[in-house]
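Just so it is clear, none of the values below were taken in a lab; they were calculated from the coordinates. All figures in this text were calculated on a predicted structure; none of them were measured in a lab.
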Amino acid sequence: MALDHEAIYKAYAGTVVSIDDSAGAFDASGASVSLDQSKIDSARATLNAEAAAIKYQTDRTTNGSKTYDTIGNQLDMIYADLVAGKLDTTGTWATHIKAVKDANPKP
C-alpha cells in the first residue's frame, strides 16, 4: 500500500513525523497516528492547486512555449507604442502580453 506522503505531512502538519507505507504514520514519540482519508484528499487537492499556480507562473516567465519578455524590453515596447499612438490592444506590448496569456491560460 503506497501512502501519499506529501499530502499526509500537509494534512497532519506538526503531528506526523514519519511514514512507512506498510506500517502507517507515526508521531514524534513513535505512536501510530490514525489517518482520515478525507483529510488527506483535501490536503492533496490543496497541494495540486498550489502546484498548478506555480506552474502557471513559471510557464509565463521561464518554462512556457511563450514567455514574457524582459521588463526592459516591455518598457521599450510601451514607449514605442506611445510614440506611435498605439497604446491600445493593437500595440506591440499589448499583443505580446496577449500572446503569452493565450499560450499559458490560467488553470
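Starting from the Cα gyration tensor of the chain, multiply each eigenvalue by 5, take the square root, and state the resulting semi-axes largest first in whole Å.
Over the Cα atoms of the chain, the semi-axes work out to 49, 12, 10 Å.
For the Cα atoms of the chain, what angle does the longest principal axis make with the long axis of helix 37-58, in degrees from 0 to 90, nearest 10?
Between helix and principal axis, roughly 20 degrees.
Check cross-link reach from Lys101 to the lysines: straight Cα distance under 22 Å, and skip same-chain residues fewer than eight apart.
Lys55, Lys66, Lys86
Given the C-alpha centroids of segment 67-107 and segment 10-52, what is the distance between them in whole angstrom?
That distance is 44 Å.
Between helix 92-103 and the chain, what is the angle of the helix's C-alpha long axis to the longest principal axis, kept within 0 to 90° and rounded to the nearest 10?
30
For Lys106, give me every one of the aspartates and glutamates with a C-alpha distance below 18 angstrom, ignoring sequence neighbours fewer than eight places off in its own chain.
Straight-line reach from Lys106, under 18 Å: Glu50, Asp59.
Nearest 10 degrees is fine. How inclined is helix 71-83 to the longest principal axis of the chain, computing both from alpha carbons?
In the chain, helix 71-83 runs at an angle near 30 degrees to the longest axis.
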